[in-house]
Structure formats: structure tokens, C-alpha cells
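Notes follow once the structure below has been shown.
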Amino acid sequence: MQLTAFLLQRGEAVTFEEIRTQLPDLYRGSPQSVDKKWTRDKGALEQAGVPIRFVQGGCDGQDGYLIDARAYELRDLGLTRDEAAVLWTAGQAAATMAENPWREDLQVALRKLRAGCRDLPARTPHLMVRHGDRVARRSVAGWLEQIGEAVRRRKRVSIEYFTGSRREVQRREVDVYGFAWRRGVWLFAGYCHLRNARRVFYVDRVRSLRVNRKCPSEPDYAIPRDFDIQVFSRQQPWDYWVHPPVEASLRLAAPIAPLAGQIFPGARLEKRPDGSAVARLEVRNLPALVRQALSLGPDAELLAPEEARAQARACLDKLSARLAEPSGEAA
């Protein structure tokens, strides 16, 4: 803030030597440490939306650094009334989440949104706050804050992660590309060095997390241009990488066939003359698909692969045996 205030007050290009002279408490020490501090401060201001520009031959012919006060004014958001209302409602809901480490920042952003969109309500609507285990929520909030820092600074994280399919905790090194909120849980996605591939992780399964502190001003990785967090935040349980991909197909009876696209997003659908439909999709977690199919009852039939049909029969046989047991033994 001292640096920003100084450059704004000057309003013209200022050499680094003059900056260092005028702000001695900020830039003291060896030339190497001063250079690192200067690079880090410029990067921090850039990320905060306050760009420092280097100009050659300013108004007095002097090379130096300046901040253009007009470069970071709050611009017209260009939102329609309905768009602003949707954004406002979503923001208010997110602000009630106790585990959200950016609640205060979000509330500031919402006040700015209200200032820019006069049709929004003057008061915050009452929204129900989710209740849960306070210890778990504090842990999630802590992980999220560190994950957000890792994404912002592009620093690798080391985590201990609980894998449900194997019931074990593994250490992973992850380049975090992004994070999202989906179906009541937080998740993050990125490149897993253990699997040598992109993976998705659930924050509530993290048992420990540490951000790489080496060379804090230097990024450990770059986020690929083709990365889209929505690809991971919209994943279904049968998309989780438990085994190599296999092709699966299901027949959905006429009563639920019109909903096939919603039940199995992304599946290739083939409508049948009798009103039924066949859904074909690539699966990386076959047991999850089997559970989904069984939950639909007689209106869904697994057609392939045979392994899925065998798993379904095994589940039904086990259930049938449990129901056949005397009530005392079953208890």
C-alpha cells in the first residue's frame, strides 16, 4: 500500500533508485534481496489488479515506473438485471458457508456489485446456513485457504489424501489448477505426480496439506490453457478414475427414457421404437455405475460389460440373502 500510494501521488515515471530512497523501510538489504522484494511486490500488485508499468522517456524524458490511476477503475459490469440478481443470490449463498475462507472478500465484492447494480436489494436476504461438524468445517476452511494460495501463486502442494476405494491414505504431490463447489462439497483438480495425470480431489478427504515454500516468488508450474474446472466439477461417480476406461451400456425403460440425458450426462443415447432408450458411456468406476443402475430398479438394465452384470447379480444375491435371514440373525 505504501508503494501504491507513493506512485499514485507522484503521477509520473519514477526510477527504482528514487523508489528505494523514498521507501527505505521496504527495500533494504543486499541487491539480490532487494531485487527479489521488488519483483515480488510488482507481482502482488499485478494480481491485485494494480499494474505497475515501466515507461521509457516519461513526461520529463525519464525512464521509470508508474501506476495509471485509470487502469484499475471499477468498470461497468455490463450485467442485465436478471444476471445481476443471479450473481447476487449465488454470492449471498456462498457468503453464508462457514468453511469459505474468502467470506469477507466475497462480502466486499457483493457490496461493490450492489453499488454498480442499483436494482439489487439494499439488505442481505436471509439464507439458511448449513450446519455440520465444526472441526471438519475448520479443517476444510484451512485447506481451502492454502489451496487458493497455491493456485494464485502456482505453487505445488503435498497432501495426504484418503482414497475411499482402497480405504487408505496416500501422499500426493499435486499442481493445483483450480477448485470448485459441487453438490455440497469442495473439490480441486490438477496434475497428480503420483498418477502422472490430471485428477480430481475432494477437500474433505485431505488429511494434511502443505504448500511448497521454496522460491515463493517463482511459480512451480503453469496452468494449461485447455484446463476447465467445470469438466471435473461436473464429473459423475462413474467418471472417477478407479480402473482403465471401459465401454458400458444400459437399457432404460420407457418411463425414465426421456430423462436418460439427465441421469447419465454425456452418454450417447439411442431411442428404441418401444419408447425405451440405450445409453452408452465410457466408465472409469464400474461399481459406481452398477449402484446407479440398481437404484433405478426394474426400469434400468445393464447390458454391458458382462463384468457389470456380474457385479449387479452379486449385489442382488447378497441383498436377497440378507432379506431371507431371520430377523434375529439379520440384526
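Taken together, the values in this text are just the output of simple stated rules run on the coordinates, not laboratory data. Here the structure is a predicted model, which means the values were calculated and not measured. Glycine gets a Cβ as well: all are built from the backbone with ideal geometry, and neighbour counts include every protein chain shown.
Would you kindly state how much longer the chain becomes between Leu120 and Leu8 on full extension, computed as 0.36 nm times their sequence separation minus their alpha carbon distance, in nm to one decimal?
37.0 nm
Which is farthest toward the positive dipole end of the stretch 164-300 among Val174, Val206, Gly297, measuring Cα position about the Cα centre, with Cβ charges +1 (Lys, Arg) and -1 (Asp, Glu)?
Looking along the dipole axis, the top candidate is Val206.
Using a ≥ b ≥ c from the Cα gyration tensor of the stretch 2-72 (square roots of the eigenvalues), is it rounded, prolate or oblate, where a/c under 1.5 gives rounded and otherwise the larger of a/b and b/c decides, a/b for prolate?
Oblate.
Which residue, Gly43, Gly11, Thr21, has the largest displacement toward the positive end of the dipole of the stretch 2-72 when charges sit on each Cβ (Lys, Arg +1; Asp, Glu -1)?
Looking along the dipole axis, the top candidate is Gly43.
Among the aspartates and glutamates, which have Cα under 16 Å from the Cα of Lys214 when same-chain residues fewer than 8 positions away are ignored?
Result set, ordered by chain and number: Glu149, Glu173, Asp175.
Classify the stretch 231-315: rounded, prolate or oblate, from the alpha-carbon gyration tensor (a ≥ b ≥ c, eigenvalue square roots; a/c under 1.5 rounded; otherwise prolate if a/b is larger than b/c)?
oblate
Work through the residues other than Arg20 whose Cβ is under 11 Å from its Cβ and net out their charges, Lys, Arg +1 and Asp, Glu -1.
The answer is -2.
What distance in nm separates the simple spin-label points at Lys271 and Thr21, each placed 7 Å from Cα in the Cβ direction?
7.9 nm
So, in nm, how far is label Glu168 from label Arg40 when the simple model puts each one 7 Å beyond its Cα toward the Cβ?
Calculated label separation equals 3.9 nm.
Is there a quick way to get the dipole size of the stretch 146-204? I mean about its Cα centre, with the Cβ of Lys and Arg at +1 and of Asp and Glu at -1; what is the value in debye to the nearest 20?
180 debye
Let me know the shape class of the stretch 134-234, please: from the alpha-carbon gyration tensor, a ≥ b ≥ c as square roots of the eigenvalues, rounded when a/c is under 1.5, otherwise prolate if a/b is greater than b/c, or oblate.
The shape class here is rounded.
Note the full-extension length gain between Lys318 and Asp82 as 0.36 nm times their separation in residues minus their Cα-Cα distance, in nm to one decimal.
In short, 79.8 nm is gained.
What residues qualify as long-range amide H neighbours of Asp220, i.e. H under 5 Å apart, gap of 5 or more or another chain, H built at 1.01 Å from N?
Sorted by chain and number, the residues that satisfy this are Lys155, Arg156.
At 7 Å along Cα-to-Cβ for each site, give me the label-to-label distance between Val55 and Glu325 in nm.
It is 8.0 nm.
Want the number for Ala304 to Ser208: 0.36 nm per residue separation, take away the alpha-carbon distance, what's left?
Stretched out fully, the Ala304 to Ser208 stretch lengthens by 30.6 nm.
For Gln9, what charge total do you get from the other residues with a beta carbon under 14 Å from its beta carbon, if Lys and Arg give +1 and Asp and Glu give -1?
-2
For the stretch 2-72, what is the charge dipole size about the Cα centre, in debye to the nearest 20, if Lys and Arg each add +1 at the Cβ and Asp and Glu each add -1 at the Cβ?
260 debye
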